[in-house]
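**Student:** If you scroll down you'll find the structure; I have some questions about it.
Just so it is clear, none of the values below were taken in a lab; they were calculated from the coordinates. All figures in this text were calculated on a predicted structure; none of them were measured in a lab. Using ideal geometry, Cβ is built from the backbone for each residue, glycine included, and neighbour counts are taken over all protein chains shown.
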Amino acid sequence: MSRLNKEVIRYLITGIFTTLASLSLYFLLSSTVLDPDKPLEMQTANLISWSGAVAFSYIVSRKFVFSSKNRHILKEAGAFFLARIGTLFLDMGGMFILTGILSIDDRISKLFIQAVVIVLNYILNKYLVFAGFR
């Protein structure tokens, strides 16, 4: 199996765990303390779930997916978080459009948006964040 195929498989596996972490936190928040029918509370749940998932994702992406040996961890982590902020805006905008404008269920919307974000994050990680550090 080629290096790229192994990397993609590792990314998909870690992406599944990252997605599960994000969705679990979102669903927990939106079914207990935050009301997804209130746009601000729905976005708060989304932001909290995103933050936890990004921290988890950086650790597993650095170690298991891209095997980064970069000694400038703060610079690398900063690039990772900046890339994720970009996809966060996509995530939040998508949730706003799907739930607020198109009236699609917030959980279905979250699942769809999460799939788009996973693909885009791989591209950003591979070609921007971890590109020069292997």
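**Student:** Going by how many other beta carbons lie within 10 Å of each one, how would you line up 42, 92, fewest first?
**Tutor:** Values: 42 24, 92 16.
Result, fewest neighbours first: 92, 42.
**Student:** While we're looking at this one, here's another question. Do any trypsin sites (Lys or Arg not before Pro) in the stretch 1-97 lie in a DSSP loop with no more than 10 other beta carbon atoms within 10 Å, and if so, which?
**Tutor:** Numbers: sites: 3, 6, 10, 62, 63, 69, 71, 75, 84; in loops: 69, 71.
Loop-located and lightly packed - 69, 71.
**Student:** So how tilted is helix 73-95 from the main axis of the chain? Cα-based, degrees 0 to 90, rounded to 10.
**Tutor:** For 73-95 against the chain, the angle is about 30 degrees.
**Student:** Could you give the angle, 0 to 90 degrees to the nearest 10, between helix 106-124's Cα long axis and the longest principal axis of the Cα atoms of the chain?
**Tutor:** Tilt relative to the chain: about 20 degrees.
**Student:** Let me ask something else. Enter the angle in degrees (range 0 to 90, nearest 10) between the Cα long axis of helix 39-60 and the first principal axis of the Cα atoms of the chain, meaning the one along which they spread out most.
**Tutor:** 20
**Student:** Here's something else I'd like to know. Counting alpha carbon pairs within less than 8 Å and at least 6 residues apart, what relative contact order, in whole percent, applies to the stretch 3-129?
**Tutor:** Working: 93 pairs, mean separation 33.1, N = 127.
Dividing the mean separation by the residue count of the stretch 3-129 yields 26 percent.
**Student:** Once you have the Kirkwood Rh of the stretch 1-80 from its Cα pairs, apply Stokes-Einstein at 20 °C and 1.002 mPa s and quote D in µm²/s.
**Tutor:** Values: Rh = 14.0 Å.
Calculated translational D: 153 µm²/s.
**Student:** Let me check the size of the chain from its C-alpha atoms; what are the radius of gyration and Dmax in Å?
**Tutor:** Spelled out, the Cα radius of gyration and Dmax of the chain are 15.4, 48 Å.
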